[in-house]
Amino acid sequence: MVDVRLPTLLRPAAGGSASVAAEGGTVGEVFADLVVRHPALRDQLLTPEGELHRHLNVFLNDDDIRYLGKLDTTVSDADTLTLMPAVAGG
Amino acid sequence: MLVLEAAVWEKVLAHCLLGAPLEACGLLGGRGGDDALGLRAYPTTNAASSSRVYTVDAGDLLRADRAEAAAGGELVGVWHSHTHTDAWPSPTDVSQAPDPGWHYVLVSLRDLEPVLRSFRIRDGNIEEEPVVLQ
């Protein structure tokens, strides 16, 4: 199981938990499993087309998955995924 | 209300001044809530490298979050500069404000003296809050 750490904003969609466990060999598979366990997370993680939300940062351990394989990034049981909303403005 | 350590206030203003003419941004750590305490300032890179918009560099965001957790606190807000306009949230700031629990600090560099103000942004509504130095 991969440990997925959720930001405050996403916790209500996952029963209030700060971290949840999910299964999968890639980030996309882990997200799919997460959505089965916590359906309210679906629209927070992915666009209607199934792409990673532009305003969501996803880190595999210390690395931004945008610079790895995005949703195809390989993960293993010892890994931690950290989700954080992008902080931006004008 | 946002209470800032004087050293944090100085660090925020210095970071904004040094970042000009681009918008500067950074994260505040401390104790959250409606009456938050900003104990630590984490200057970050503006990944947008722009004088009109900012994006906190994602790696800097992760590092600040971890440093704050290690310090026993949490991220309580973000600051950024407006180089030529008032210290008031822009429509972009409002539409992209991710966290109703956060404190959004604006620093205007329009005039000779920088102006620092703080806001809550919830459901698209802007509410200014007092900033108190300690």
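Annotations for the structure displayed:
- Where B:Val78 falls short, out of the listed (1) over 21 Å from B:Glu10 (Cβ atoms); (2) facing another protein chain (nearest Cβ under 10 Å): (1)
- Of all the listed residues (A:Val35, A:Val30, A:Val20), the sole one being in contact with a Gly (Cβ under 7 Å, 6 or more places away or on another chain), surrounded by 13 or more Cβ atoms within 10 Å (Cβ to Cβ) and free of Cβ contacts under 8 Å to residues at least 60 places away in the same chain is A:Val30.
- Residue match in the stretch A:76-83 (condition: more than 12 Å from every other protein chain (Cβ to nearest Cβ), crowded, with 16+ Cβ neighbours inside 10 Å, within 28 Å of B:Thr45 (Cβ to Cβ) and of a type in the set (A, V, I, L, M, F, W, C)): no
- Residues located in the stretch B:79-97, provided they are in contact (Cβ under 8 Å) with a residue 24 or more places away in the chain and part of a loop (DSSP other than H, G, I, E, B): B:Thr83, B:His84, B:Thr85, B:Asp86, B:Ala87, B:Trp88, B:Pro89, B:Ala97
- Annotation note: of B:Glu113, B:Glu129, the sole residue that is surrounded by 15 or more Cβ atoms within 10 Å (Cβ to Cβ) and either of a type in the set (D, E, K, R) or at pLDDT below 95 (or both) is B:Glu129.
- Count of the stretch B:24-75 residues which are at pLDDT 95 or above, hydrophobic (A, V, I, L, M, F, W, C) and over 17 Å from B:Val12 (Cα atoms): 8
- Residues of the stretch B:29-70 satisfying the condition of being hydroxyl-bearing (Ser, Thr, Tyr) and part of a loop (DSSP other than H, G, I, E, B): B:Thr45, B:Ser49, B:Ser50, B:Ser51
- Summed over the stretch B:81-96, the residues that are at the interface with chain A (Cβ under 7 Å from one of its Cβ atoms) and within 13 Å of A:Val87 (Cα to Cα) give a count of 3.
The values are calculated or read from the model by the stated rules, or taken from the named source; none is laboratory data. What you see is a predicted model, and the numbers here were worked out from it, not measured in a lab. Glycine gets a Cβ as well: all are built from the backbone with ideal geometry, and neighbour counts include every protein chain shown.
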